[in-house]
Amino acid sequence: MDIDQLYIVALPEVGTKRAALLEQELGARTFEDMLYHVPYRYVDRTRFYRIEELTAALPHVQVKARITRLENVGEGPKKRLVAVADDGTGEMDLVWFKGYKYVVGRLAPDKEYVIFGKPTLFNHRLNVVHPEIEVYDGQTKLSGFQALYPTTEKMKRGYLNSKAISGIQASIFRRLQERIGETLPAWFLRKYRLPFLHDALHAVHFPGSPEEVEGALFRLKFEELFYIQLHILKVKFRRKTCFKGHAFSLVGEFFNRFYDHHLPFPLTGAQKRVIREIRRDCGSGRQMNRLLQGDVGSGKTVVAVMCMLLALDNGFQACIMAPTEILAAQHHETISGLLREMSVNVGLLTGSTRKKERELIRAGLEDGSLQVLVGTHALLEDAVGFRNVGLVVIDEQHRFGVAQRARLWQKNATPPHVLVMTATPIPRTLAMTLYGDLDVSVIDELPPGRKPVTTYHAYDSRRAETYAFLRGELEKGRQVYVVYPLISESETMDYRNLEEGFEQVEGYFAPLGYRTGIVHGRMKAAAKEEQMRQFAAGETRILVATTVIEVGVNVPNASVMLVESAERFGLSQLHQLRGRVGRGGDQSYCILMTSYKISADSRKRIDTMTSTNDGFVIAEVDMKLRGPGDIEGTQQSGLSCNLRVANLGKDEGILNQAVQAAAGILEDDPDLAKEENALFAAQVKRLFKTRVNWRYIS
Ligand code: ADP
Ligand code: MG
């Protein structure tokens with residue numbers, strides 16, 4: 001039975017109105033879409049559990065117990081009521097953070113209660129937070145094992161609550177005349193002991209037991225991740241064997257002279273290793289597609305420069321793209337500086353490059369006399385024709401869309417090598433899923449002598465003390481960033497905050513003799529650049545800004561990053577911002593200013609920032625807090641990471657098994673041509689028909 005050819009609108013439980021709602025809210029049109037809308041949790045009301053058999057792995061369960069103790073614990077926001085429940089086999093804590101006056105009034109020590117909730121572990125004690133609790137009347141009904149579905153407000157208003165969804169799922173199963181078509185070969189199901197698709201989908205919606213749900217969910221998640229891996233690894237394999245690239249076989253004059261005479265500092269071990277990896281790739285005769293991950297300040301720029309010199313040594317041109325004009329200009333300056341004594345022509349092309357200059361650059365690109373081009377998106381304009389570009393470096397990749405990269409790609413008959421550099425660490429699981437076909441290099445070492453940035457959390461009610469601290473740093477000759485949130489470029493409110501902030505800062509520091517500059521996205525490029533120049537030159541000592549300075553900007557004398565309304569920033573943004581300081585030899589500081597009342601997630605973000613400088617740890621926390629779909633870069637990457645069942649934050653173990661399984665199959669049958677793999681080939685084709693092209697791009 002092909003469940004992707006049957007439409008829910010035809011079901012009596014749905015109809016046109018609800019069908020529209022389901023499509024809008026869940027993107028569900030077919031039976032298949034609907035069946036993959038899986039419950040987010042299950043409640044087990046089939047029986048009473050004994051406290052001794054409870055574990056944190058169980059879903060919501062019910063127990064029958066007496067309350068033996070009741071006490072108030074803690075202070076402030078952590079203040080709570082704890083009741084100890086005992087059923088003769090063990091005890092557990094019931095915890096309320098609010099509404100506990102009501103609870104206290106209702107609990108009596110001599111009565112038996114039915115307690116319903118999700119067991120968790122806290123300080124090695126079993127715990128149920130905000131349980132449902134009612135007096136046991138001797139005949140409480142056991143009402144089975146139920147699925148609960150995620151719903152939106154709009155769905156609820158359209159009477160599509162969890163129960164209604166369950167009704168639709170039941171209706172789908174009633175209408176199926178045959179079993180749902182299997183999507184994995186029989187030998188594979190046997191090998192990994194997986195239930196049939198039909199049974200798995202049924203069990204997920206109408207489970208008989210927790211074990212059955214576990215087996216069913218495993219199958220669905222494993223399959224989902226397996227097919228993604230099979231697809232990615234297949235493409236990667238094919239590219240490695242079939243796609244020709246320019247062979248940078250020489251290491252010549254440019255590279256060696258720079259390395260021997262013009263490197264301003266010894267490379268770190270990690271930088272050397274990464275350059276070796278890139279050299280090996282570019283020399284292989286196959287096209288390189290490499291992702292270079294390195295935390296802010298780890299020294300990616302010089303790596304890029306050395307790779308570009310390698311291109312020059314082999315008679316090719318090279319280019320580097322940055323996401324903003326400020327960054328492009330800064331790269332241009334840095335790179336021209338590094339290559340000053342090397343007689344290399346380095347050009348800069350951005351949206352605001354004058355026409356005359358632009359024509360000169362074009363001519364130089366066409367006749368090959370311009371060897372290195374630094375730029376922004378303007379670089380992608382079709383008219384910019386290189387004579388022979390051999391290497392494209394893309395800095396801060398998450399700002400570039402896939403389509404843009406594709407255009408660059410088309411500039412040459414033989415594709416240039418592509419090096420994508422990012423300072424936004426990507427959690428391992430996500431990298432494997434999104435960029436599994438890229439080779440990855442990691443700079444996991446900072447240049448020597450860096451002192452880790454010290455991060456503080458400060459409430460904005462204590463602004464006076466914070467300003468006094470800034471003053472101390474300014475007196476030492478250092479410089480300061482003050483950053484305001486700007487969630488959307490059109491938010492007038494945010495701009496008002498920014499401008500008021502600027503006035504406040506200037507009002508405090510101007511009388512002390514320190515000048516303050518300001519940059520934000522609404523300014524003209526030239527004005528922005530002038531402000532940046534003044535700050536870089538130390539003419540202004542304080543820079544009030546929006547996140548336009550988030551990426552890449554390099555002013556080593558800046559020692560304080562003050563982030564206003566830090567609760568409004570995402571973790572990776574905060575980490576990027578912090579990376580703007582700590583670039584010189586002196587101690588630097590990042591101060592995260594928030595209001596007193598912030599959400600639990602915001603607090604977690606702030607706590608993470610104050611407790612670690614490790615970008616990878618931060619990325620992991622970020623993914624757990626936000627879910628992989630929201631991680632910066634994934635929306636724009638063109639590879640939707642909208643997993644239907646699996647969760648990259650939680651299912652790393654399953655992902656690893658899926659990678660193993662996929663790799664094993666491809667090793668034996670790279671084109672999935674064998675009879676026993678025919679179903680794999682058909683599924684890959686069906687699942688990825690619209691996405692396949694993206695894979696060639698980076
Ligand atoms: P990012 O990886 O964030 O792009 P950059 O390339 O801007 O980092 O480098 C940050 C700073 O570190 C620059 O000022 C650069 O000159 C310096 N740097 C890079 N590599 C080294 C090194 N091996 N030793 C000392 N300083 C270095
Ligand atoms: Mg950089």
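Quick look at the numbers
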{"read-out": "For Y484: the one exception among (1) surrounded by fewer than 12 Cβ atoms within 10 Å (Cβ to Cβ); (2) assigned by TED's automatic domain parsing to the domain that holds S565; (3) at pLDDT below 95", "value": "(1)"}
{"read-out": "Of all residues making up segment 562-589, the number that are more than 16 Å from ligand 2 (Cβ to nearest atom), at pLDDT 90 or above and not aromatic (F, W, Y)", "value": "9"}
{"read-out": "Cβ-Cβ under 6 Å pairs, at least 6 apart or on other chains, segment 98-123 side over 19 Å from D87 (Cα atoms) and in the same structural domain as D137 (by TED's automatic domain parsing), far side at pLDDT 85 or above and outside any loop (DSSP other than H, G, I, E, B)", "value": "Y100/L81; V103/W96"}
{"read-out": "Any hit, segment 474-495, residues being in a loop (DSSP other than H, G, I, E, B) and within 16 Å of ligand 2 (Cβ to nearest atom)", "value": "no"}
{"read-out": "Residue among F237, F316 that alone is away from ligand 2 (no atom under 14 Å from the Cβ), modelled with pLDDT under 85 and of a type in the set (F, W, Y)", "value": "F237"}
{"read-out": "Residues of segment 264-311 classified as more than 7 Å from ligand 1 (Cβ to nearest atom) and either within 18 Å of H246 (Cβ to Cβ) or of a type in the set (S, T, Y) (or both), total", "value": "22"}
{"read-out": "Pairs with Cβ under 8 Å, 6+ apart, first in segment 207-218 and outside any helix (DSSP H, G or I), second among the hydrophobic types (A, V, I, L, M, F, W, C)", "value": "P207/F145; P207/A147; P207/V213; P207/A216; G208/F145; S209/F145"}
{"read-out": "Qualifying residue in segment 265-288 (condition: touching a residue at least 40 places away in the same chain (Cβ under 8 Å), within 16 Å of ligand 2 (Cβ to nearest atom), outside any strand (DSSP E or B) and under 25 Å from R533 (Cα atoms))", "value": "yes"}
{"read-out": "Contacts under 6 angstrom Cβ, first residue in segment 447-459 being more than 24 Å from M593 (Cβ to Cβ) and of a type outside the set (F, W, Y), partner within 16 Å of ligand 2 (Cβ to nearest atom) and assigned to a loop (DSSP other than H, G, I, E, B), 6 or more apart", "value": "P447/T268; P447/G299"}
{"read-out": "Total residues in segment 1-36, condition within 35 Å of the chain's Cα centre (by Cα), buried (at least 19 other Cβ atoms within 10 Å of the Cβ) and part of a loop (DSSP other than H, G, I, E, B)", "value": "2"}
{"read-out": "Residue list for segment 124-145, filter: surrounded by 17 or more Cβ atoms within 10 Å (Cβ to Cβ) and among the acidic types (D, E)", "value": "none"}
{"read-out": "Restricting segment 107-123 to residues that are surrounded by 12 or more Cβ atoms within 10 Å (Cβ to Cβ) and over 41 Å from the mean Cα position of the chain (by Cα), the residue that is nearest to Q62 (Cα to Cα)", "value": "V114"}
{"read-out": "Residue match in segment 146-157 (condition: in contact (Cβ under 8 Å) with a residue 40 or more places away in the chain and exposed (fewer than 13 other Cβ atoms within 10 Å of the Cβ))", "value": "yes"}
{"read-out": "Residue satisfying condition, being of a type outside the set (S, T, Y), outside any helix (DSSP H, G or I), more than 32 Å from the chain's Cα centre (by Cα) and more than 30 Å from R286 (Cβ to Cβ), within set G538, G507", "value": "G538"}
{"read-out": "Hits in segment 166-198 (condition: in a helix (DSSP H, G or I), touching a residue at least 60 places away in the same chain (Cβ under 8 Å), over 24 Å from F680 (Cα atoms) and out of contact with any His (no Cβ under 7 Å at 6 or more places or on another chain))", "value": "G167, I168, S171, I172, R175"}
{"read-out": "Matching residues, segment 312-334, being under 21 Å from E530 (Cβ atoms), in contact (Cβ under 8 Å) with a residue 12 or more places away in the chain and within 12 Å of ligand 1 (Cβ to nearest atom)", "value": "A322, L327, Q330, H331, T334"}
{"read-out": "Of all residues making up segment 1-41, the number that are of a type in the set (S, T, Y) and in contact with a His (Cβ under 7 Å, 6 or more places away or on another chain)", "value": "0"}
{"read-out": "Residues of segment 201-228 satisfying the condition of being within 23 Å of the chain's Cα centre (by Cα) and modelled with pLDDT under 90", "value": "I228"}
{"read-out": "Complete set of residues in segment 512-529 that are over 15 Å from T324 (Cα atoms) and either out of contact with any Asp or Glu (no Cβ under 7 Å at 6 or more places or on another chain) or among the charged types (D, E, K, R) (or both)", "value": "L512, G513, Y514, R515, G517, I518"}
{"read-out": "Condition met for V555 (within 16 Å of ligand 2 (Cβ to nearest atom), closer than 18 Å to D295 by Cα, among the aliphatic types (A, V, I, L, M) and crowded, with 21+ Cβ neighbours inside 10 Å)", "value": "no"}
{"read-out": "Of residues in segment 289-303 being part of a strand (DSSP E or B) and not polar (S, T, N, Q), the one nearest to ligand 2 (Cβ to nearest atom)", "value": "G294"}
{"read-out": "Residue within segment 86-94 that is at pLDDT 90 or above, exposed (fewer than 13 other Cβ atoms within 10 Å of the Cβ) and over 15 Å from G117 (Cα atoms) present", "value": "yes"}
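Yes/no per residue for (1) within 16 Å of ligand 1 (Cβ to nearest atom); (2) surrounded by fewer than 17 Cβ atoms within 10 Å (Cβ to Cβ); (3) farther than 21 Å from T422 by Cα:
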| position | (1), (2), (3) |
| --- | --- |
| G521 | no, yes, yes |
| A526 | no, yes, yes |
| I542 | no, no, yes |
| V560 | no, no, yes |
| G579 | yes, no, no |
| I591 | no, no, yes |
| T594 | no, no, yes |
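The values are calculated or read from the model by the stated rules, or taken from the named source; none is laboratory data. Fair warning: this is a prediction, and the values are worked out from it, not measured in the lab. Cβ sites come from the backbone with ideal geometry, for glycine too, and all protein chains shown count toward neighbours.
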